[in-house]
Structure formats: structure tokens, C-alpha cells
1. Specify which of the listed residues (B:GLN53, B:GLN17, B:GLN58) is away from ligand 1 (no atom under 16 Å from the Cβ) and within 26 Å of B:LEU180 (Cβ to Cβ).
2. State all residues of segment A:12-51 that are within 10 Å of another protein chain (Cβ to nearest Cβ) and at pLDDT below 95; if no residue qualifies, say none.
3. Give me the residue from segment A:25-63 that is within 15 Å of the chain's Cα centre (by Cα) and free of Cβ contacts under 8 Å to residues at least 40 places away in the same chain and, out of that set, nearest to A:ALA207 (Cα to Cα).
4. Considering segment B:166-186 alone, what residues qualify as being away from every other protein chain (no Cβ under 13 Å) and either assigned to a helix (DSSP H, G or I) or among the aliphatic types (A, V, I, L, M) (or both)?
5. Can you tell which of A:LEU53, A:LEU81, A:LEU59 is open to solvent by 40 Å² or more (accessible area, probe 1.4 Å), hydrophobic (A, V, I, L, M, F, W, C) and within 16 Å of ligand 1 (Cβ to nearest atom)?
6. Do you know which residues across segment B:198-221 are open to solvent by 10 Å² or more (accessible area, probe 1.4 Å), under 15 Å from the mean Cα position of the chain (by Cα) and away from chain A (no Cβ under 11 Å)?
7. Tell me, which residue of segment B:86-113 that is of a type in the set (A, V, I, L, M) and within 19 Å of B:LEU195 (Cα to Cα) is nearest to ligand 3 (Cβ to nearest atom)?
8. Could you please find all residues in segment B:125-150 being modelled with pLDDT under 90 and surrounded by fewer than 20 Cβ atoms within 10 Å (Cβ to Cβ)?
Amino acid sequence: MFEISGLSKEFHLHHQQAARIKVLEGVNFSVLAGECVALTGESGSGKSTVIRLLYGNYLANQGAIRIGGLNVADAEPREILEMRRITLGYVSQFLRVLPRVPTLSVVAEPMMNAGAGEAESLDKARTLLTRLRIPEQLWSLSPLTFSGGEQQRVNIARGFIHDYPALLLDEPTASLDAVNRATVLDLITEAKGRGAAIIGIFHDQAARDEVCDRSIDISQFAAMA
Amino acid sequence: MNPIFSVRDITKFYGNQKGCEGVSFDLYPGEVLGIVGESGSGKSTLLNVISGQLEPDQGDVLFDTRHAGMVSTTAMAEPERRMLARTDWAYVHQNPRDGLRMAVSAGGNIGERLMNIGARHYGDIRETASGWMGRVELDTGRIDDRPSTFSGGMQQRLQIARNLVTGPRLIFMDEPTGGLDLSVQARLLDLLRNLVRELGLAVIIVTHDLAVVRMLAHRVMVMQRGQVVESGLADQVLDDPQHPYSQLLVSSILQV
Ligand SMILES: Nc1ncnc2c1ncn2[C@@H]1O[C@H](COP(=O)(O)OP(=O)(O)OP(=O)(O)O)[C@@H](O)[C@H]1O
Ligand SMILES: Nc1ncnc2c1ncn2[C@@H]1O[C@H](COP(=O)(O)OP(=O)(O)OP(=O)(O)O)[C@@H](O)[C@H]1O
Ligand SMILES: [Mg+2]
Ligand SMILES: [Mg+2]
């Protein structure tokens with residue numbers, strides 16, 4: 001499902017003494033359907049950068065990122081948007097939503113965007129919000145004023161509402177208590193069970209051991225300055 | 001899928017003063033393109049040229065018409081272009097006073113665009129106008145009031161209703177949220193986003209507000225001194241800008 005080869009990334013900061021921050025060089029790995037792979041490496045090694053490159057949020061300097069037939073590294077914006085709509089889900093570290101939109105709609109939206117009906121999508125949103133223990137009286141409010149852990153759970157519900165064949169997870173269990181963490185790990189296991197290919201960053205070693213089939217140490221792809 | 005709109009190598013000078021130069025892009029149905037850049041970078045010039053209000057010095061603009069497919073709008077006869085502007089295209093001005101008739105009632109403002117394309121049945125027109133007031137969250141009880149008695153945000157929503165009533169497929173907007181206070185802006189953006197999605201509209205929106213781009217746009221084009229210096233997926237350009245000027249624009253220093 002994921003096939004990454006020769007991927008490199010540097011940031012050229014034109015206004016900060018024209019610094020070039022070389023982060024990654026020659027990243028190669030693949031992830032199959034039904035597999036969950038953890039990205040590891042010390043802070044700053046480029047784990048989140050890999051995730052963002054795969055999502056098309058950062059621009060690759062070199063290499064190929066094949067996700068279900070599309071090479072994200074040289075795809076048109078609308079092809080990337082189409083991939084995000086149908087194929088590739090992403091749970092970012094922090095929730096980013098529009099003001100005024102109620103939580104229930106925030107969660108249902110990706111499923112509707114992927115083509116499901118409104119009633120069906122709202123039903124599934126309710127189920128997920130219930131599983132993730134977001135109190136029902138919050139559903140009609142915008143998540144913008146929620147606590148960090150509540151926002152993260154809304155974010156997770158959004159990432160799991162559509163059955164994406166591929167998923168990117170950046171610290172999905174950070175800032176969650178034990179029960180909610182267990183629910184998230186269940187969601188990951190269920191997604192693997194239906195054949196999703198998952199790439200995740202987990203600070204929590206126990207979580208990694210529970211859901212991941214293997215780890216890839218990103219520091220092996222550190223670029224030589 | 002084919003583009004609905006294709007802009008090719010557009011250049012416009014005002015005498016010796018450059019408006020915009022060598023701008024090309026394609027727009028697809030349902031796509032929202034944001035155009036950003038500092039004041040004087042040529043955003044409005046470009047928008048006015050591609051929406052047929054200013055003649056380019058060079059270049060071409062093609063639109064996928066309902067009857068004849070891709071047609072050059074710069075070569076089009078004036079009456080035909082005017083018809084396009086009344087039906088398949090819409091233009092939302094920054095100042096609602098430029099897009100509304102202030103001496104005509106709210107309902108009349110919406111109805112007028114329908115009458116321009118041949119609607120005649122008074123009852124139907126009024127009903128459609130009232131329906132659109134509801135869709136843009138205006139109190140339908142104020143259908144006979146003049147827009148001069150509306151707040152800025154209400155006027156802007158009325159302008160949007162007036163523009164959308166003919167079922168356009170392409171909308172041009174120049175700073176549609178400029179001059180509105182923040183909570184009013186958020187409401188307007190939310191409304192626009194829903195309409196764009198429901199109706200599958202293609203939109204070109206000029207703004208200096210990067211938050212508007214993040215909320216609404218799929219793609220963004222960054223302009224500096226009349227030229228496009230960077231373009232791409234909206235979140236990618238905002239989070240990983242490549243060009244020095246784009247980096248300056250997204251760095252908090254210039255962000256308003
Ligand atoms: N948008 C950006 N602009 C400039 N540099 C960036 C950008 N994003 C990431 N970097 C740099 O890339 C390097 C890798 O960062 P990244 O966030 O990928 O690390 P990480 O492995 O996820 O670390 P952590 O475990 O702390 O989250 C860092 O040096 C960071 O400063
Ligand atoms: N009618 C005109 N006559 C002469 N010069 C003009 C005219 N209109 C615009 N210009 C010039 O063309 C350049 C581009 O102007 P334009 O209005 O397109 O900028 P803009 O990006 O829309 O700026 P703003 O964000 O301030 O609205 C500027 O240098 C401006 O002074
Ligand atoms: Mg990280
Ligand atoms: Mg302007």
C-alpha cells in the first residue's frame with residue numbers, strides 16, 4: 001500500500017541566514033495492507049516529517065511516495081485531495097477545525113466527503129464519539145473549546161470514521177487516559193483487521209508492542225549535513 | 001475530468017505600470033483557488049482580467065460553456081460575455097455596495113438577476129428570492145427592506161445570494177470578508193464553504209488573509225509584483241512554502 005523510495009527532504013529557510021536544514025535522505029520502506037508499522041527515532045529525527053510528506057502536506061525534494069497507485073511526490077493538488085478523500089486518512093497530533101462547526105459534523109464530514117450518505121455518516125459519528133467517551137452534550141458544540149484530550153479524541157474519530165485503506169497516525173495516544181488509549185488501540189486493531197495499512201508514531205512503547213507488527217528507525221535515514 | 005476554466009499567459013499593464021504578467025492556471029469543477037500576495041501584487045488586476053472586466057494585453061482565458069465546450073472568453077462578443085456574467089459566472093465584490101443595488105429591496109436585488117435571464121413570474125421570483133435569503137441566513141421577513149438598512153455582514157450575504165441565484169458554475173471573489181469583523185467573517189466563511197460544497201462551485205478567491213485560504217481553498221497561488229511565484233496544494237504552500245516571498249508571507253511577521 002505504501003512504497004517509499006529514495007525520499008529526501010530538506011528545508012531551505014530563505015530568511016534565516018538562508019539555512020538549509022537537511023532532515024531526511026534516501027528513505028526507503030514499504031508497508032503492506034493489514035500491516036501496522038511504527039516510525040521510531042529520537043526527537044527531531046524526522047518522524048512527523050515523513051508522515052507529512054506522505055500526506056502531501058510537505059513537498060518532497062527527491063524520491064517517490066507511492067500510495068495505492070499515486071506518486072504523491074509528483075502528483076497534482078487535485079490528485080492528492082482525491083487520495084485524501086478516499087484512500088489516505090491522517091490523524092494529526094493536533095486537531096485543526098473550522099470555527100462554528102459542531103463536533104458531530106466535524107466527525108461525520110470525512111465519511112460524507114468519501115461519498116456516504118448524511119444519515120449513515122452521522123450514525124457512525126455518534127457511535128465513534130460514544131466509544132471515545134465524548135459526552136453527548138458536547139456533540140452540538142464546536143470542538144475548538146474542548147480540552148486537549150477531548151480534541152484529540154475528536155481527531156481520532158475523524159480519522160477512523162471512513163474505512164481508509166491507508167492511515168497515518170501521529171501520536172494518536174498521547175494525552176489520553178488509559179481507557180481511551182485502550183479504545184484507540186482497539187480502533188487500530190480493527191482497522192488492521194479490515195486490511196488497512198497503517199503507519200504510526202507512538203511514544204508509548206507498550207502501545208507500539210500491542211498494535212505494531214514492526215518498527216522502522218527513521219534516524220537511519222538522517223541526512224548528512 | 002476537464003478544467004472548467006483555463007487561464008493562459010495573461011499579462012496586463014497600465015501604461016508602464018505592471019498589473020500582472022504571464023499568469024497561467026487551470027481550474028477544475030468544485031475547486032477553490034486562493035490568490036494571495038501583498039497589496040499591489042496584481043491580484044485584483046488578474047481577477048478583473050480573467051472575469052472579463054478588463055482586457056488583457058496578452059494571453060487567453062477559456063471557459064467550458066454549456067453549449068460549446070471550451071471557448072475563449074477574450075475573443076467572445078460582448079453580448080455573449082455579458083450573458084456569461086449573468087448566468088454561469090458570478091462576481092462577489094469586496095464592498096457589497098459595488099455588487100448590490102442599494103435603492104432596490106433585498107428581494108429585488110436577488111430577483112433582478114433572475115429577471116435578467118428572462119424570469120417573469122412575480123410570485124416565483126419572490127419565492128426563489130425568499131428561499132435564497134433563508135439559505136444565506138437572512139431573515140426572510142426583511143425581503144422588502146433595502147440593503148442600506150442591513151449590516152455589512154448581512155449585505156455581504158445578500159450579495160452572495162444575488163450572485164448564486166442563477167446557479168453559476170464559476171465564482172470570482174475579491175476579498176469577500178474584508179472589512180467585516182472576525183465573528184461575522186467566520187460565519188460568512190462557514191456559509192461559503194457549505195455552499196461551495198453543496199453546489200460543487202468552482203471559485204477563485206482573492207484574499208490577503210491566510211486563514212481564509214486555509215479554511216476555503218484547495219489550491220493557492222502566491223503573487224508578488226504581478227507574477228505568480230509559487231502555487232500548489234493550499235496546506236502544503238502554507239506549511240512548507242518554497243519561495244522566499246511565500247516564506248515571508250506565512251511567517252508570523254506578516255500574518256494579520
Ligand atoms: N515546516 C518546517 N520548517 C522547517 N523545519 C522543519 C519543518 N518541519 C520540521 N522541520 C525540522 O525537521 C526536523 C524533524 O522534525 P520532525 O517534526 O519531523 O521530528 P520528529 O521526529 O517528529 O520529532 P518529535 O519526536 O519531537 O515529534 C527538525 O529539525 C525540525 O526542526
Ligand atoms: N487603474 C489603474 N491604473 C494604473 N495602475 C493601476 C490601476 N489599477 C491597479 N494599478 C496598479 O497595478 C498594480 C496591481 O494592482 P492590483 O489592484 O491588482 O493589486 P492587488 O494585489 O489587488 O492589491 P490590494 O491587495 O491592495 O487590493 C499596482 O501597482 C497598482 O498600483
Ligand atoms: Mg513529531
Ligand atoms: Mg485588490
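1. Going through B:GLN53, B:GLN17, B:GLN58 in turn, the sole match is B:GLN53.
2. A:HIS12, A:LEU13, A:HIS14, A:HIS15, A:GLN16, A:ALA18
3. It comes out as A:ARG52.
4. B:LEU170, B:ILE171, B:MET173, B:LEU180
5. Within the list A:LEU53, A:LEU81, A:LEU59, the selection yields A:LEU59.
6. B:LEU199, B:GLY200, B:HIS208, B:ASP209
7. It comes out as B:VAL92.
8. B:ARG135, B:GLU137
The values are calculated or read from the model by the stated rules, or taken from the named source; none is laboratory data. Predicted, not measured: the structure shown is a model, and the values here were computed from it. Using ideal geometry, Cβ is built from the backbone for each residue, glycine included, and neighbour counts are taken over all protein chains shown. Each accessible area value is taken on the protein alone, full model and side chains, heavy atoms only, with ligands, DNA and RNA left out. Shrake-Rupley method; radii C 1.70, N 1.55, O 1.52, S 1.80 Å.
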